[in-house]
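Student: Please see the structure below; I have some questions.
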Amino acid sequence: MKKIENFEEIKASGEFDSLKPGGYIGVLYKAEDESDKEYLKVFFDIAEGEFAGYYKNLYSQFNFWGGTFFRSYKEKALSMFKGFIKAVEESNPGYVWNWDESTLKGKKVGLILQEEEFVPTGGAHAGELRTHLIVQKVVNVETIKSGKFKVPELKKLDKYTGPTVQTQPTAPQSVNISNDDLPF
């Protein structure tokens, strides 16, 4: 087997701090318009602080980009979509939304992450009650910096009978974010 350089410096899985529910300053990496379903699929990462580069590191280790959320622009969801756009504009002085989702790349925004229960339908943990983080709310960066937000409690499933709760494993490291290294 080929010797891996700097192997001693690599943290073993399980030694990483997991992203926790809370407020974060994020950076938008990409937005894909799903026009037939009337939503944007937004890829993001943590831009600052102890968890900067969290999803990029997760991707480099597990080939999985977990930093995504959706913003519907269906008629009944337009107020939430406008709130998202307003948060992006307020967080990026001089930026004005022009209906081109590609202009969201590189923009910072405040993200409030909430823990949510789910039950996978496939894979090694199929049928088990697990938790993961979701983007509960998108706000301007100043809201996060000032601490003027509330972290929602765990969002529980209505009904579940089965094994005990386990958290979904993740493995972050702090690194500098570079758009050149993006997988998409």
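The values are calculated or read from the model by the stated rules, or taken from the named source; none is laboratory data. The shown structure was predicted, so the numbers you read here are calculated from the model rather than taken from an experiment. A quick note on method: Cβ atoms are made from the backbone with ideal geometry, for glycine too, and the neighbour counts reach across all protein chains shown. The protein model used for the area step is the full one, side chains on, heavy atoms only, and it has no ligands, DNA or RNA in it. Shrake-Rupley method; radii C 1.70, N 1.55, O 1.52, S 1.80 Å.
Student: Take the Cα coordinates of segment 1-154, assign each an equal point scatterer, and use the Debye formula without solvent to give log10 I(q)/I(0) at q = 0.20 Å⁻¹.
Tutor: -1.38
Student: Filter the trypsin sites (Lys or Arg not before Pro) in segment 67-102 to those in DSSP coil with at most 11 other Cβ atoms within 10 Å of their Cβ, and list the result.
Tutor: Working: sites: ARG71, LYS74, LYS76, LYS82, LYS86; in loops: LYS74.
Sparse-neighbourhood loop trypsin sites (Lys or Arg not before Pro): LYS74.
Student: If you don't mind, there's one more thing I want to ask. Highest mean first, what order results for 142-148, 113-119 on Cβ atoms within 10 Å?
Tutor: 113-119, 142-148
Student: How many percent of the accessible area of segment 64-123 is carbon or sulfur, using a 1.4 Å probe?
Tutor: Exposed carbon and sulfur together represent 55 percent of the surface.
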